[in-house]
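The values are calculated or read from the model by the stated rules, or taken from the named source; none is laboratory data. A quick note: this is a predicted structure, and the numbers were derived from the prediction, not measured. With ideal geometry, Cβ positions are generated from the backbone for all residues, glycine too; neighbour counts draw on all protein chains shown.
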Amino acid sequence: MTDINLQRVINWLTINASRIVEFSLNKPATDEQISNLQKHFDKELPGDFINLYKTYNGMNDEENMGNFFYALPFLSIDNIIADKEFRNTQSKGIAQIPLTHFEKEIDGSNFYNPNWIALCFDGSRSYLRLDLSPSDNGTYGQIIFVDGDYNVGLLIAHSINELIFNFAEDIDKGLYSLNEEALEDEQHFLEADTQIDIINWHKIDKWKNYV
């Protein structure tokens, strides 16, 4: 059963960005795919995360260059596993690299934290991640944004369910639109308003002092 807030998102996309629904979003992940993902992490996957992936197994870009939460591409289980393996390789044999700035809910001691699961990726060095190793002030399964260029960690939501709720609310507030250049190429690609554009977090009052 699709989460009611996720359905709000899909309803809006169906009307305003139909190619994302029709072509970009993948079919539900199978139990075997979920089980395979679980084997790559020492911590249990939260139920709301599993429910999300049993609705949509991330995205593909074969017929439409779509995106999702905060106008970022939404990663499939195969992409998550590839990111995990890449991080394992990059961090092997080196000292931990701490984040320069991070919010109190985040354990910023290790940029290559093995229990940060990739959820969305900007195509460069920034990710939305599911955090299975929060600080004592944080919440298991919280969503964080990690900028690899600045080594900054930001708390985005306390859970997948809250992330989806915020997505639906921001859509209702008119904070998402279609990118005009992508439209010229007949692609449906979301653009986030400057108020919620976490890629440019350093321009948002809440976080700009971290630069």
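Taking the stated definitions as given, is Ser135 modelled with pLDDT of 95 or more, small (Gly, Ala, Ser) and over 28 Å from Leu190 (Cα atoms)? Judged against the criteria, Ser135 is a match. Of all residues in region 156-211, those satisfying the criterion of being surrounded by fewer than 18 Cβ atoms within 10 Å (Cβ to Cβ), assigned to a helix (DSSP H, G or I) and of a type in the set (Asp, Glu) are Glu162, Glu169, Asp172, Glu180, Glu181, Glu184.
Do we have any residue at all in region 129-142 that's out of contact with any Pro (no Cβ under 7 Å at 6 or more places or on another chain), of a type outside the set (Asp, Glu) and within 20 Å of Lys203 (Cα to Cα)? No, region 129-142 contains no residue that is out of contact with any Pro (no Cβ under 7 Å at 6 or more places or on another chain), of a type outside the set (Asp, Glu) and within 20 Å of Lys203 (Cα to Cα).
For region 69-85, the criterion of being at negative phi, in contact (Cβ under 8 Å) with a residue 60 or more places away in the chain, out of contact with any helix residue (DSSP H, G or I) (no Cβ under 7 Å at 6 or more places or on another chain) and not acidic (Asp, Glu) is met by at least one residue. Scanning region 114-138 for residues that are part of a strand (DSSP E or B) and either surrounded by fewer than 16 Cβ atoms within 10 Å (Cβ to Cβ) or not hydroxyl-bearing (Ser, Thr, Tyr) (or both) gives Trp116, Ile117, Ala118, Leu119, Cys120, Phe121, Leu128, Arg129, Leu130, Asp131.
Listed by first and then second residue, the pairs linking a residue in region 87-113 that is part of a loop (DSSP other than H, G, I, E, B) to a residue that is surrounded by fewer than 16 Cβ atoms within 10 Å (Cβ to Cβ) and among the aromatic types (Phe, Trp, Tyr), with Cβ atoms under 9 Å apart and 6 or more places separating them unless they lie on different chains, are Ile94/Tyr112; Gln96/Tyr112; Ile97/Tyr112. A single entry from Arg8, Arg19 fulfils the requirement of being surrounded by 17 or more Cβ atoms within 10 Å (Cβ to Cβ) and within 23 Å of Gln142 (Cβ to Cβ): Arg8.
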